[in-house]
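Asker: Pasting in a structure now, in structure tokens, and then I'll have a few things to ask.
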Amino acid sequence: MTKAMRMMQQLVPLADGIIYVLDARCPAASFNQKLVEMAGAKPVLYILNKGDLADERADNLMKLMDASAIKINAANANSKRDITAAINRLVAEKREKNLAKGYSKIFRFMVVGVPNTGKSTVINLLAGSKRTVTGDKAGVTRGKQWIRLDGFELLDTPGTMPPAFDNQSLALHLAFVGSINDDILDLDDIALELLGELYEKYPKRLEERYGVTGGSKLEMLDCVCARRGFVLKGGEYDYERAERAVIDDFRKGRLGRITLDCPADMSGLKF
Ligand code: GDP
């Protein structure tokens, strides 16, 4: 078991519920079944974040998930209202049952997800100025801090869920969106695979930006070099620069809104 996974096993029992932040462009790829198994009967709110970078296909994927799932853009302050409402809906029934028995409980949530899905952004959005700084001043308590919000509490540090690597094409999606450390990846492979997949799913976008109209993945990369002027001193194409440009264009949304996962990728997953 990985260190990150052990950490999650320690953290999950501290919370009454989980806010599971997935990438709207690849919700199946950024989902790890083991986390839900760890959560057991605890309520899980699925947030498909970076909704501004995904297209309407992400809405179809969301419908295949738990009914409480929401799609947001955590970089937009208006999303705070949507998340808070979804959390309150999630615990409304339990809260009422508790009240009927004469006690009220503050539900504690922790934010989890694979790297780079926007967990810290979600916490900052919800907690804002209430977020306490821990550890960088003498005498300030290190460790877990719960932040009191509107009707619930939030753990002030996110839990990083390691990706599940059992499906090769989904692992690639995680690499494309930047949820796997770029240092351990082969840039050639990632860029060429991304071009191949985008040509399959969004061919017009490649034509518009790079003049790609078909051919092998290497020929597509030639088009990127030619269109963008990525040429070395000796007149050869600068493939490395082109590869970085394709990945960066995709991640920054310069190729338009894109959803990588398809409904078949969701089959077999239990939310
Ligand atoms: P974490 O590793 O899961 O904590 O991810 P971060 O919160 O650090 O976010 C990773 C990157 O994604 C940062 O550059 C954020 O600014 C960016 N980000 C977070 N949420 C969104 C979103 O909804 N849309 C877009 N476009 N970028 C986002």
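Asker: Please list, in order along region 193-209, the HN-Hα scalar couplings obtained from phi with the Karplus expression 6.51 cos²θ - 1.76 cosθ + 1.60 (θ = phi - 60°), rounded to whole Hz, x for Gly and Pro.
Answerer: My calculation for region 193-209 gives 5, 5, 4, x, 5, 5, 5, 5, 9, 9, x, 4, 5, 5, 5, 5, 7 Hz in order.
Asker: Turning to a different aspect of this structure: Let me check I've understood the local charge: for Glu153, count other residues with C-beta under 12 angstrom from its C-beta, Lys and Arg +1, Asp and Glu -1. What total comes out?
Answerer: Working: positive: Lys105, Arg108, Lys130, Lys144, Arg148; negative: Asp16, Asp150, Asp156.
Summing Lys/Arg as +1 and Asp/Glu as -1 gives +2.
Asker: Please report the projected area of the chain's Cα convex hull averaged over all directions, in nm².
Answerer: 17.5
Asker: Related question: By how many degrees, between 0 and 90 and to the nearest 10, does the Cα long axis of helix 79-100 differ from the longest principal axis of the chain?
Answerer: 30
Asker: So, by mean Cβ neighbours within 10 angstrom, what's the order for 78-84, 94-100 with the highest one leading?
Answerer: Highest-to-lowest ranking by the protection proxy: 78-84, 94-100.
Asker: Something else about it: Project the alpha carbons of region 189-250 onto their principal axes and report the range along each, largest first, in whole Å.
Answerer: 35, 20, 19
Asker: Mind ranking Arg228, Arg251 by accessible surface for me, highest first, 1.4 Å probe?
Answerer: Sorted by accessible area, descending: Arg228, Arg251.
Asker: Which value at 222 nm does the chain reach when only helices count, each DSSP H run of 4 or more adding -39,500 (n - 2.57), with the total divided by all residues and rounded to the nearest 500 deg cm²/dmol? Intermediate values should be presented prior to the final figure.
Answerer: Numbers: 11 runs with 116 residues, N = 271.
Using -39500 (n - 2.57) per qualifying helix, the result is -13000 deg cm²/dmol.
Asker: Sticking with this structure for a sec: Using the Kirkwood radius built from alpha carbon pairs, what does the Stokes-Einstein equation give as D for region 116-271 at 25 °C and 0.890 mPa s, in µm² per second?
Answerer: 131
Asker: Around Asp82, under 12 Å between beta carbons, what's the net of Lys plus Arg minus Asp minus Glu among the other residues?
Answerer: For residues surrounding Asp82, the net value is +4.
Asker: Averaging the inverse of every distinct alpha carbon separation and then flipping it gives the Kirkwood radius. What is it for region 4-140, in angstrom units?
Answerer: Final number for the Kirkwood radius of region 4-140 is 16.0 Å.
Asker: May I pose another question? Measure nothing but the geometry: give the 0 to 90° angle between the long axis through the Cα atoms of 168-177 and the longest principal axis through the Cα atoms of the chain, rounded to 10°.
Answerer: So the inclination is approximately 90 degrees.
Asker: Hey, another quick one. May I ask you to list the trypsin sites (Lys or Arg not before Pro) in region 14-76 that are in a DSSP loop and have at most 10 other Cβ atoms within 10 Å of their Cβ?
Answerer: none
Asker: While we're here: If you filter region 220-271 for GluC sites (Glu not before Pro), then keep DSSP loop positions with at most 10 other Cβ within 10 Å, what is left?
Answerer: Working: sites: Glu236, Glu240, Glu243; in loops: Glu236.
For GluC sites (Glu not before Pro) across region 220-271 that sit outside H, G, I, E and B with at most 10 neighbouring Cβ atoms in 10 Å, the list reads Glu236.
The values are calculated or read from the model by the stated rules, or taken from the named source; none is laboratory data. This structure is a prediction, so every number in the text was calculated from the model and none was measured. Using ideal geometry, Cβ is built from the backbone for each residue, glycine included, and neighbour counts are taken over all protein chains shown. Note: accessible area is taken over every heavy atom of the protein model, side chains too, but ligands, DNA and RNA are not part of it. Shrake-Rupley method; radii C 1.70, N 1.55, O 1.52, S 1.80 Å.
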